[in-house]
Amino acid sequence: MRLIIGVLLLTIYSCAVDGQKPPDGDSETDFSVLEGWNAIIEEDYSIQYPDSFTLDDSGLMGSEFFLFSRQLSSTDMFRENLNLMVLDLPAEHMSLEEYGRLSEEQAASYFNDFEIMESEVIETENGEYYQIAYTGTQGRFLLRWLQKYWFMGGKAYTLSLTCEQDTYDNYGPVGEQIMATFTLSSE
């Protein structure tokens, strides 16, 4: 439970995207960095992101990284972002669905006006992941999240996209394209 709270604290902190060309797919075997994009390549995962994002890999709030959008003006108080948390699984035999449901319960207790838009296990040729999309209020910000959870090697990988609700149409598509480049390395 404590581990999922860490993921939620990151979503609370969440504060990445312009109209860059999207990636073509999410092939694990054909890794090449897209033109105008950068890559983070670690032993257990990789992800690509547009040059317009700012990378913070300092371990902010226990994260592997944050990717922040540009501040559009001096009145832009929220920077849309993606972040990755890698946490030990709270239970040895916990399923993706159980982990996702527990995360939903935790989020519902942290955010006002919490509403789940989507929640499901998604199976692909490269495995499965749990996806949840939800909205809520944190302080003065009306936010929208898209989170994806993967399990590998006794760890939960949580990739989160956080946007203001009224800017999701601008930032969400590129954020989702960035998420589509995320791959886990084989154990």
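Structure notes:
- Conditions (1) open to solvent by 90 Å² or more (accessible area, probe 1.4 Å); (2) in a strand (DSSP E or B); (3) under 16 Å from Y134 (Cα atoms): number failed by E105: (2)
- Residue in the stretch 119-130 that is part of a helix (DSSP H, G or I), closer than 14 Å to Y149 by Cα and out of contact with any helix residue (DSSP H, G or I) (no Cβ under 8 Å at 6 or more places or on another chain) present: no
- Of all residues in the stretch 152-172, those that are open to solvent by less than 60 Å² (accessible area, probe 1.4 Å) and either part of a strand (DSSP E or B) or in contact with a Cys (Cβ under 7 Å, 6 or more places away or on another chain) (or both) total 12.
- Residue check, A133 open to solvent by less than 20 Å² (accessible area, probe 1.4 Å), closer than 29 Å to E42 by Cα, in contact with a strand residue (DSSP E or B) (Cβ under 9 Å, 6 or more places away or on another chain) and outside any strand (DSSP E or B): no
- For F111, the requirement of being open to solvent by less than 20 Å² (accessible area, probe 1.4 Å) and closer than 28 Å to G36 by Cα is not met.
- Looking only at residues of the stretch 48-72 that are of a type outside the set (D, E) and open to solvent by 70 Å² or more (accessible area, probe 1.4 Å), we find that the one that is modelled with the highest pLDDT is S58.
For every residue, the table says whether it meets (1) out of contact with any helix residue (DSSP H, G or I) (no Cβ under 7 Å at 6 or more places or on another chain); (2) assigned to a helix (DSSP H, G or I); (3) modelled with pLDDT of 50 or more.
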residue: L10; (1), (2), (3): no, yes, no
residue: P22; (1), (2), (3): no, no, no
residue: D30; (1), (2), (3): yes, no, no
residue: N38; (1), (2), (3): yes, no, yes
residue: S46; (1), (2), (3): yes, no, yes
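- The residue that is farthest from E43 (Cα to Cα), counting only those in the stretch 173-185 that are of a type outside the set (S, T, N, Q) and surrounded by 18 or more Cβ atoms within 10 Å (Cβ to Cβ), is V174.
The values are calculated or read from the model by the stated rules, or taken from the named source; none is laboratory data. All figures in this text were calculated on a predicted structure; none of them were measured in a lab. Glycine gets a Cβ as well: all are built from the backbone with ideal geometry, and neighbour counts include every protein chain shown. In case anyone asks, the SASA skips ligands and DNA or RNA and just uses the protein heavy atoms, side chains included. Shrake-Rupley method; radii C 1.70, N 1.55, O 1.52, S 1.80 Å.
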